[in-house]
1. Given an 8 Å cut-off on Cα distances and at least 6 residues of separation, report the relative contact order of the chain as a percent.
2. Taking the Cα atoms of the range 16-63 alone, what are Rg (to one decimal) and Dmax (as a whole number) in Å?
3. Using only the Cα atoms of the chain, what are the Rg and Dmax in Å?
4. Go through 9-19, 291-301, 53-63 and give me the packing order, highest mean Cβ count within 10 Å leading.
5. Alpha carbon centre of the range 91-110 versus the range 114-190: separation in Å?
6. What ratio of Cα Rg to 2.2 N^0.38 Å holds for the range 5-92?
7. What number, rounded to the nearest 500 deg cm²/dmol, is the helix-based mean residue ellipticity at 222 nm of the chain, given -39500 (n - 2.57) per DSSP H run of at least four residues and division by all its residues?
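No value in this document is a laboratory result; all are computed from the given coordinates. In this text the structure is predicted, and so the values were computed from the model without any measurement. Here Cβ is always computed from backbone atoms with ideal geometry, including for glycine, and neighbour counts include all displayed protein chains.
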Ligand code: SAM
Ligand code: SF4
């Protein structure tokens, strides 16, 4: 396994599509998402080839993300491929980040293929607010999906992006709902990715402010719980709930970052907050595995010590929206 600044890089987040059935206001451009052309998106064989190379380099955890990964037509074939790697014990975990709308259709398959945990992104429990933030989404499809995931014994973590004047009044309700359903929860600070810095800045609500609100009603004890991601977990005894806080802006977690990111058009990014990337597609096209491996190694060494997200400055990740890199 390769390392960088003492960090063992064993985790990849692989975006299998930039398409999505929702249009969350902090993730995609407000109009004209400008998706990659179909022919630019890695086909299943290319996805498998990159994944094989990542495994050769010691990557043990695969998180499938997007866009919405479950809208990709051949997604099951890719998960079957990873599932085989899981049975061969060359990887440890297959994880999925989803908006939940397709879970009713896919939960059983996911569970049968060895997926144990899914992260479901949900920023409000109120149907009108959900519809607003997702630009037209129907919360019922998410609730139905979550129900199906529960029935199929998938463990569920809810990811909620903290959004000022949107869900800062709903944090306690979301915590109670997660507790009632035995879900884990993470609150995430909005990141200045994409073109609309002014919107990001007006949306930003810090983890510390969220904790202040929560601690008026509930005590939070620091917990030693660790997940594959950057959440700093606390335990809320009153609710018997683990709640994580992801603070890319107010307190970055780069010292423990163990991941690479592959975009659905075959670029590899060493860091979400970095404009540098390496295009893997020429090596895939030529089936040049040694060069593919070298390119991946190079990106691991390029991984910056930390990102420089600053919600007050013009975003330097201005051309790339979250749905293209995969959050
Ligand atoms: N469609 C799936 C979903 O919503 O979970 C997977 C892709 S989405 C890009 C992955 C995660 O990124 C979601 O939890 C989403 O809330 C988060 N995300 C998107 N844009 C973000 C931003 N600007 N700041 C922080 N998180 C963001
Ligand atoms: Fe789609 Fe996920 Fe982005 Fe929302 S956050 S638009 S669900 S990719």
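1. Details: 644 pairs, mean separation 74.6, N = 327.
Contact order relative to length: 23 percent.
2. Calculated on Cα positions, Rg and Dmax stand at 14.4, 40 Å.
3. Radius of gyration, then largest Cα-Cα span, for the chain: 18.8, 59 Å.
4. 9-19, 53-63, 291-301
5. Result: 15 Å between the Cα centres.
6. Expressed relative to 2.2 N^0.38 Å, the Cα Rg reads 1.22.
7. -9500 deg cm²/dmol
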